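Below is one structure; the comments refer to it alone.
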Amino acid sequence: MEEAAPGTHEAHDVPVCYRHPDRETGVRCTRCERPICPACMVSASVGFQCPECVRGGSGTGHPPAASRPRTVAGGTVTADPRLLTKMLIGVNLAVFLVQIAVGDRFTNRFELIGQAYTPLLPGVQGIAEGQYYRLLTAMFLHGGYAHILFNMLSLWWIGGPLEAALGRARYLTLYFLSGLAGSALTYLLAAPNQPSLGASGAIFGLFGATGVLMRRLNYDLRPLVALLVINLIITFSPGFNIAWQAHIGGLVAGVAVGYAMIHAPRERRTLVQYGACAVVLAVVVVLTLVRTAQLT
């Protein structure tokens, strides 16, 4: 019979977790009897099981992620629910500083334009010339201090609570799909030599999804509707020179994606959410290809 060496688990008065030898525990796996600490406990129908027994297919345990608190859309609740909103604001501000430092040449290179000659760049520029990155990069450019100030304040007010409600992955997906939808509709309907830039398409998508969420939670929609109406009035006012296509495209995409994320049935949540996002992305691709065919 082998004698236990000094310092092994048997030498302790209180057992230690078999996966974390520095943690004492009085709980054992109900299947294999190995001691497990709170980090390794997987809730079962009776008692707790260790991760190995759960992976072995006991059928009675629940993965640790299953007991984590979830958002209304199924996302994971995080310690900082506004982290991505802060990061998006930071990226927009950083790009704006680059615009100021480099000048119009940088803006002309990355703004949304269908097909046109630009004074600071050689040859014909635009999405129709294969520069599809402009659909994305235009979302992070702004035309002046007032433009970026208004957009970033809107992003903070609307984006923060929505990120907390959806979870990070769903929120970021919503943001980019809304922005791309706004860019695609602008590319389709605006004059090919008309430049467009700004995060407004993505932010209008957040407006749309927020409306869906507030309706689901039975909140008073009147303040949001009033704010949206004011924004739409400004959008269509002739003196502001705003690309209304980006706002409408982002709003429609935001409502569609937000509805799928918030109202998806729990048993088919992932399928419905991924499916809706794929459909919106497919529409963006189709609109882009149709316009490119028209211009070439």
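Listed values, structure above:
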{"quantity": "Under the Debye formula (equal points on every Cα, no solvent term), log10 I(q)/I(0) of region 240-291 at q = 0.14, 0.15, 0.17 Å⁻¹", "calculated": "-0.44, -0.50, -0.60"}
{"quantity": "In order through region 110-123: 3J(HN,Hα) via Karplus (6.51 cos²θ - 1.76 cosθ + 1.60), integer Hz, x for Gly, Pro", "calculated": "10, 6, 7, 8, x, 6, 5, 7, 10, x, 9, 10, x, x"}
{"quantity": "Over the chain: Kirkwood hydrodynamic radius from C-alpha pairwise inverse distances, Å", "calculated": "22.2 Å"}
{"quantity": "Mean Cβ count within 10 Å, highest first, over the residues of peptides 108-118, 202-212", "calculated": "202-212, 108-118"}
{"quantity": "Relative packing of 17-25, 170-178, which averages over residues the other C-beta atoms within 10 Å, highest first", "calculated": "170-178, 17-25"}
{"quantity": "Cβ crowding within 10 Å averaged over residues, with 82-90, 137-145 ranked highest first", "calculated": "137-145, 82-90"}
{"quantity": "FRET efficiency for VAL27 and ASP220, using Cβ-Cβ distance with R0 set to 41 Å, rounded to 0.05", "calculated": "0.30"}
{"quantity": "Pairs of Cα atoms farther than 19 Å apart, region 147-258, %", "calculated": "40 percent"}
{"quantity": "Of every Cα-Cα pair in region 195-296, the percent that sits beyond 24 Å", "calculated": "34 percent"}
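Computed from the coordinates by the stated procedures, all read-outs in this text should not be read as laboratory data. Small disclaimer: the values here were computed from a predicted structure and weren't measured. Here Cβ is always computed from backbone atoms with ideal geometry, including for glycine, and neighbour counts include all displayed protein chains.
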